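Before any comments, here is the structure.
The values are calculated or read from the model by the stated rules, or taken from the named source; none is laboratory data. Please read these numbers as outputs of a predicted model, since none were measured by experiment. Note that we place each Cβ from the backbone using ideal geometry, even for glycine, and neighbour counts take in every protein chain shown. All accessible areas refer to the heavy atoms of the entire protein, side chains included, with ligands and DNA or RNA removed. Shrake-Rupley method; radii C 1.70, N 1.55, O 1.52, S 1.80 Å.
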Amino acid sequence: MTNPAVIDQIAPLRHFVAQMTQLVGQSQAEDIVRPKAKALLQDLIKTDDWLPDFCAVPHPQYYQQYLLHADPLERFSVVSFVWGPGQATPIHDHMVWGLIGMLRGSEKGQRYIRNSAGQLEAVGHEETLLPGDVDEVSPSIGDIHIVKNAFDDKPSISIHVYGGNIGAVKRHVYDPQTGSVKNFVSGYSSSQIPNLWDRSAQVRSELS
């Protein structure tokens, strides 16, 4: 009998990773993977108690990008974005498809396109994400945006899924006035990643 005191806190993330691995093993076509990955992410962010504490720590100056999992073949990655009060990204793109699932707090995002003169134009209005919401980005549907914490007095956290190892993807930031482009690679905010695979405590509790 399983000991009820043994709680496998990270099980939802492990389950998500397993499902994503199966999904990209069947197809890597974005039009197939992205909608199914969105449904998986919506299920993952229904609860927020699975995220390890060290992946939820804000920095006083910069938003944090904690790697939760990178597929060994770099077909997808899962990242915890932690926004301190009032923090924001520059205007940037991704160069791969991406999903943004709101876990805690709230984010605001504004999309852009580059016109024929290379200048940025806002697309639509600023959108707000609340817990449980999922937004999508991709070169195929619109890939340039700016994201910020909707709150000036508390952190917010979103879970991002990308169609590649996003910390190693060559991407771009854009000057909001001129639209000029600068290359960048985001990397990750921590060398530590969650240990998804140590289920020893749970398994030991099931020993007779």
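Which of the residues belonging to the stretch 44-58 are over 13 Å from Val161 (Cα atoms) and surrounded by 13 or more Cβ atoms within 10 Å (Cβ to Cβ)? Outline the logic, then answer.
The first filter runs over the stretch 44-58 and keeps only residues over 13 Å from Val161 (Cα atoms), leaving 46-58.
Listed by number, the residues that qualify are Asp48, Trp50, Leu51, Pro52, Cys55, Ala56, Val57, Pro58.
For Asp8, only one of the following conditions fails: (1) among the acidic types (Asp, Glu); (2) modelled with pLDDT under 95; (3) under 16 Å from His160 (Cβ atoms). What is its number?
So the condition that Asp8 fails would be (3).
Give the residue, chosen from Val78, Val17, Val82, Val33, that is surrounded by 18 or more Cβ atoms within 10 Å (Cβ to Cβ), at pLDDT 95 or above and in contact with a Gly (Cβ under 9 Å, 6 or more places away or on another chain). Working first, answer last.
Values: Val78 fails: in contact with a Gly (Cβ under 9 Å, 6 or more places away or on another chain); Val17 fails: in contact with a Gly (Cβ under 9 Å, 6 or more places away or on another chain); Val82 fails: in contact with a Gly (Cβ under 9 Å, 6 or more places away or on another chain).
Only one candidate qualifies: Val33.
Among residues belonging to the stretch 196-208 that are loosely packed, with under 10 Cβ neighbours inside 10 Å and closer than 25 Å to Asp71 by Cβ, point out the one that is modelled with the highest pLDDT.
Start the filter on the stretch 196-208 by keeping residues that are loosely packed, with under 10 Cβ neighbours inside 10 Å, which leaves 197, 200, 207-208.
Now narrow it down to the ones that are closer than 25 Å to Asp71 by Cβ: 197, 200.
Details: Trp197: 93, Ser200: 89.
Step by step, filter the stretch 196-208, then rank; the result is Trp197.
For the stretch 159-176, indicate whether the set of residues that are open to solvent by less than 80 Å² (accessible area, probe 1.4 Å) and more than 24 Å from Val82 (Cβ to Cβ) is non-empty.
Step one: of the stretch 159-176, the residues open to solvent by less than 80 Å² (accessible area, probe 1.4 Å) are 159-169, 171-175.
Filter once more, keeping what is more than 24 Å from Val82 (Cβ to Cβ): 175.
Within the stretch 159-176, one or more residues are open to solvent by less than 80 Å² (accessible area, probe 1.4 Å) and more than 24 Å from Val82 (Cβ to Cβ).
So Ile141 clears everything in (1) more than 20 Å from His172 (Cα to Cα); (2) of a type in the set (A, V, I, L, M, F, W, C); (3) open to solvent by 80 Å² or more (accessible area, probe 1.4 Å) except one condition, right? Which one?
(1)
Which pairs do you get when a residue that is part of a helix (DSSP H, G or I), found in the stretch 157-186, comes within reach of a residue that is among the charged types (D, E, K, R), reach meaning Cβ atoms under 8 angstrom, with the pair 6+ apart or on two chains?
Ala168/Glu74
Going residue by residue through the stretch 134-149, is there one that turns out to be touching a Lys or Arg at 6+ places or on another chain (Cβ under 6 Å), of a type in the set (Val, Ile, Thr) and farther than 28 Å from Thr178 by Cα?
Going residue by residue through the stretch 134-149, those that are touching a Lys or Arg at 6+ places or on another chain (Cβ under 6 Å) are 134, 142, 145, 148.
Of the ones still in play, those that are also of a type in the set (Val, Ile, Thr) are 134.
Of the ones still in play, those that are also farther than 28 Å from Thr178 by Cα are 134.
Yes, the stretch 134-149 contains a residue that is touching a Lys or Arg at 6+ places or on another chain (Cβ under 6 Å), of a type in the set (Val, Ile, Thr) and farther than 28 Å from Thr178 by Cα.
Give me the residue from the stretch 51-73 that is touching a residue at least 24 places away in the same chain (Cβ under 8 Å) and part of a helix (DSSP H, G or I) and, out of that set, nearest to Ile100 (Cα to Cα).
Top of the filtered list is Cys55.
Restricting to the stretch 89-131, count the residues that are in a loop (DSSP other than H, G, I, E, B), exposed (fewer than 12 other Cβ atoms within 10 Å of the Cβ) and not aliphatic (A, V, I, L, M). I'd like the intermediate steps shown before the answer.
In the first step, residues of the stretch 89-131 are kept if they are in a loop (DSSP other than H, G, I, E, B); the result is 89-90, 93-97, 105-106, 115-119, 130-131.
Checking which are exposed (fewer than 12 other Cβ atoms within 10 Å of the Cβ) leaves us with 115-118, 130.
Applying the additional criterion that residues be not aliphatic (A, V, I, L, M) yields 115-116, 118.
So the count comes out to 3.
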